[in-house]
Amino acid sequence: MNNKLEMIDLLTGVKSSKRNYYMELKKTISELQKKNMQLEIINDVMKSFNVDMSMDDMLGNTLEKLKQIFRLERLCLSIVENEQLIVSNVYPSYPKSLQKGNSIPKEHSLFWTVMTTRSACTHTFSKQNRMNMAESKFFYELGIRQILLFPLISKDKVIGILSVESKQLIEYEEEDYSFFQQLSDQLAVCTENARLYNRVLASKKEWEETFRAVPNMIFLIDLKGNILLFNDAVKDFFPYEEKVIYEKTWNELLSQHLVDESENLLTETIRTKKLAYRQLTIQDRICELHSYPSLNENEELTGVIIYMNDVTDKLQIEAQLIHSGKLAAIGEMAAGVAHELNNPLTAILGHSQLLLRSANKETSTYEMLSDIKNCGERCKHIIRSLLTFSRQDEYVFEKCSVNKAVEQVLNLIRYQIEHQHISIELKLMDELPYIDGSLQQIEQIVINLLLNAKHALEEREDVHRKIVIETSLNIKDGEEMISLSVTDNGTGIAEENLQEIFNPFFTTKKAIKGSGLGLSVSLGIAKVHGGTIEVISQVEIGSTFTLYLPRNQYKND
């Protein structure tokens, strides 16, 4: 019976049909698996760019999945840069082959042929044709026997080549070519997107580096006063860590420096949507602040940009230039007057000396002639000091004495100080060491300090007005310094003004009595000499200004 059934199956072909059916089913399943894998590869390429995967990793993942359906050896991406075809990514990379960064020559090149024709190409390598193409030698030495080249086209422009390489000859179907072209098209999109993304990142990085490197302070503030962004200059200026600055609002950051709301340029810009300007003293430095409204396309205010510039040194230089200009003009006039006075003074001195020779020493005439001669010599000494002080053309640093600077200045202004019923007490150290500096510039500091003391005493009527000038040798910050102090028992300086008095153009005097340049210029001169000026003051008690200058190792005469 069984033999009969077998005979029937053989005669009717039922068994053969079953076998063919299962073979067809297996083939269909294999093709479906292949299609699914191809779709998965395309999908992965799309995802890879979105998760910011590097192109090398993308090629590696793609190749590993391609190996499940094709017997492939390597994938290579070449991109057009500056009219050259550059190998941008290779997986895996082998020595002595086309490496990342290599330029592919145009002559007899398979890659450039695909670039020109914009059509895919399949090429087989053998011993006979290994020298026909520029790339043949590299591929043959690697054992590559077959490559598929597909153009990467983006916006109707060929931007590169995808090379699919294998060590075996593979018979590809038409659908396989379509798949590789789809893969190439997707890689072209990813490559172009990566280019644009990297260009945006580069621009962002360049902007951030420029923003951070700007030497002046820049803030980005929102409408609630929160600090959104600032550059490195802010961290260098304010004594806070970066985190602390971000935690503060603009008003909190400047709370110690805003006297009243009228000084808050942020509030003004938010209210007016216009540029605002202020000059404030912040961290004991004079700063110019400009606030700029940040508007969107609908002219709506979205934030405020504040530009802050420390102009202390600039104003210091300006003050010195103004002061120097005034001194030069005064000096020129004083020199002219002094020369004009020298001629009649010479006659006075000469004639008085001649008359003294013939006068009787026992008479009142001799005494009066002696007074004339002594006053004439005093005037001559004053004129000589005035001429010395008026020479503003050169400031040569040389061996000089602070005591001598004090004496020179007192020759000029002692009379006008004592004329105000102000006594001067000198406590000059004997054998005070010399300094290396400009005597004329030190004289400017002395005269500024003495005139300031005089002005402070003019308003006091209830005390015995006195100025004490003292020089000494001190140790300051571990360094031996020459000190010159000028002490008065005048009106003193309010505590809130103590940090302001050295700022250019700041003055508590009436307009006709001061320009606010004296102490600023004096401090500038002291710093040029490697020194400084310090002040101690109490209202209605008096002030002491002390000039510190580094001594030099000159031996005293």
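The values are calculated or read from the model by the stated rules, or taken from the named source; none is laboratory data. As the structure is a prediction and not an experimental result, all values here were calculated from the model. For neighbour counting, all protein chains shown are included, and Cβ atoms are generated from backbone atoms with ideal geometry for every residue, glycine included.
Matching residues to (1) surrounded by 12 or more Cβ atoms within 10 Å (Cβ to Cβ); (2) within 30 Å of Phe125 (Cα to Cα):
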| residue | (1), (2) |
| --- | --- |
| Ser154 | yes, yes |
| Leu183 | yes, yes |
| Ala188 | yes, yes |
| Val200 | no, no |
| Thr210 | no, no |
| Leu220 | yes, no |
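Okay, residues lined up against (1) touching a helix residue (DSSP H, G or I) at 6+ places or on another chain (Cβ under 8 Å); (2) outside any helix (DSSP H, G or I); (3) closer than 21 Å to Leu266 by Cα:
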position	(1), (2), (3)
Trp207	no, no, no
Pro215	yes, yes, no
Ile218	yes, yes, yes
Leu223	yes, yes, yes
Ile227	yes, yes, yes
Ala233	no, no, yes
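Condition first: part of a loop (DSSP other than H, G, I, E, B), at pLDDT 80 or above and at positive phi. Can you find one or more residues in segment 480-497 that meet it? Before you say what the answer is, go through the steps one by one.
We begin by selecting, within segment 480-497, every residue part of a loop (DSSP other than H, G, I, E, B); these are 489-494.
Checking the rest, the ones that are also at pLDDT 80 or above come to 489-494.
Next cut, at positive phi only: 492.
Yes: one or more hits.
Can you pull out the residues in segment 465-492 that are among the acidic types (Asp, Glu) and more than 39 Å from the chain's Cα centre (by Cα)?
Keep residues of segment 465-492 that are among the acidic types (Asp, Glu), which gives 470, 477, 479-480, 488.
Matches in segment 465-492: Glu470, Asp488.
Residue check: is Asn296 modelled with pLDDT of 90 or more and either outside the structural domain of Ile501 (by TED's automatic domain parsing) or in contact with a helix residue (DSSP H, G or I) (Cβ under 8 Å, 6 or more places away or on another chain) (or both)? Against the criterion (modelled with pLDDT of 90 or more and either outside the structural domain of Ile501 (by TED's automatic domain parsing) or in contact with a helix residue (DSSP H, G or I) (Cβ under 8 Å, 6 or more places away or on another chain) (or both)), Asn296 does not qualify.
Specify the residue that is modelled with the highest pLDDT; the eligible residues are those in segment 48-68 that are touching a strand residue (DSSP E or B) at 6+ places or on another chain (Cβ under 6 Å) and among the hydrophobic types (A, V, I, L, M, F, W, C). If you could, list the steps in order and put the result at the bottom.
So in segment 48-68, the residues touching a strand residue (DSSP E or B) at 6+ places or on another chain (Cβ under 6 Å) come out as 55-56, 59-60, 63.
Within this subset, residues satisfying the condition of being among the hydrophobic types (A, V, I, L, M, F, W, C) are 55, 59, 63.
Values: Met55: 73, Leu59: 76, Leu63: 80.
For segment 48-68, the residue satisfying everything is Leu63.
Which members of segment 420-463 meet the condition of being small (Gly, Ala, Ser), under 47 Å from the mean Cα position of the chain (by Cα) and either buried (at least 21 other Cβ atoms within 10 Å of the Cβ) or more than 24 Å from Arg551 (Cβ to Cβ) (or both)? Give the steps one after another, and end with the answer.
Our first condition is that a residue be small (Gly, Ala, Ser); within segment 420-463, this holds for 423, 437-438, 453, 456.
Restricting the remaining residues to those that are under 47 Å from the mean Cα position of the chain (by Cα) gives 437-438, 453, 456.
Once the filter is applied, which keeps residues that are small (Gly, Ala, Ser), under 47 Å from the mean Cα position of the chain (by Cα) and either buried (at least 21 other Cβ atoms within 10 Å of the Cβ) or more than 24 Å from Arg551 (Cβ to Cβ) (or both), segment 420-463 yields Gly437, Ala453, Ala456.
In the set (1) surrounded by fewer than 16 Cβ atoms within 10 Å (Cβ to Cβ); (2) modelled with pLDDT of 90 or more, Tyr415 fails one condition alone, (2). Given the structure, is Glu288 touching a residue at least 12 places away in the same chain (Cβ under 8 Å), assigned to a strand (DSSP E or B) and acidic (Asp, Glu)? Here the answer is yes, as Glu288 does meet what is asked.
Listed here are the residues, each with its yes/no results for (1) without any contact (Cβ under 8 Å) to a residue 12 or more places away in the chain; (2) in contact with a Phe, Trp or Tyr (Cβ under 9 Å, 6 or more places away or on another chain); (3) assigned by TED's automatic domain parsing to the domain that holds Ile417; (4) within 21 Å of Lys399 (Cβ to Cβ).
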position	(1), (2), (3), (4)
Ile442	no, no, yes, yes
Asn452	no, yes, yes, no
Ser472	no, no, yes, yes
Lys476	no, yes, yes, no
Gly490	no, no, yes, no
Ile493	no, no, yes, no
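If a residue has to be more than 19 Å from Ile282 (Cα to Cα) and free of Cβ contacts under 8 Å to residues at least 40 places away in the same chain to count, how many in segment 227-245 make the cut? First the steps, then the outcome.
Looking only at segment 227-245, we keep the residues that are more than 19 Å from Ile282 (Cα to Cα), and these are 228-229, 243.
Now narrow it down to the ones that are free of Cβ contacts under 8 Å to residues at least 40 places away in the same chain: 229, 243.
Summing the residues that are more than 19 Å from Ile282 (Cα to Cα) and free of Cβ contacts under 8 Å to residues at least 40 places away in the same chain in segment 227-245 gives 2.
For segment 510-536, a residue qualifies if it is at pLDDT 90 or above and closer than 26 Å to Val463 by Cα, and the qualifying residues are Glu534, Val535, Ile536.
Given the residues Tyr172, Tyr140, Tyr94, which is the only one that is over 30 Å from Leu196 (Cβ atoms) and either modelled with pLDDT of 85 or more or under 47 Å from the mean Cα position of the chain (by Cα) (or both)? Break it down stepwise before answering.
Working: Tyr172 fails: either modelled with pLDDT of 85 or more or under 47 Å from the mean Cα position of the chain (by Cα) (or both); Tyr140 fails: either modelled with pLDDT of 85 or more or under 47 Å from the mean Cα position of the chain (by Cα) (or both).
The unique qualifying residue is Tyr94.
The single condition from (1) among the basic types (Lys, Arg); (2) assigned by TED's automatic domain parsing to the domain that holds Ile79; (3) modelled with pLDDT of 85 or more that Lys155 fails is (3).
Can you find a residue that is farther than 24 Å from Val158 by Cα, of a type in the set (D, E, K, R), modelled with pLDDT of 60 or more and part of a helix (DSSP H, G or I) anywhere in segment 37-47? Yes, that holds for at least one residue. Taking the criterion of being free of Cβ contacts under 8 Å to residues at least 60 places away in the same chain and crowded, with 19+ Cβ neighbours inside 10 Å, would at least one residue in segment 78-89 satisfy it? Within segment 78-89, one or more residues are free of Cβ contacts under 8 Å to residues at least 60 places away in the same chain and crowded, with 19+ Cβ neighbours inside 10 Å. Residue pairs whose Cβ atoms lie under 9 Å apart, separated by 6 or more positions or on different chains, with the first residue in segment 373-401 and at pLDDT 70 or above and the second surrounded by fewer than 18 Cβ atoms within 10 Å (Cβ to Cβ) and acidic (Asp, Glu), are Phe397/Asp436; Glu398/Asp436; Lys399/Asp436; Cys400/Asp436; Ser401/Glu407.
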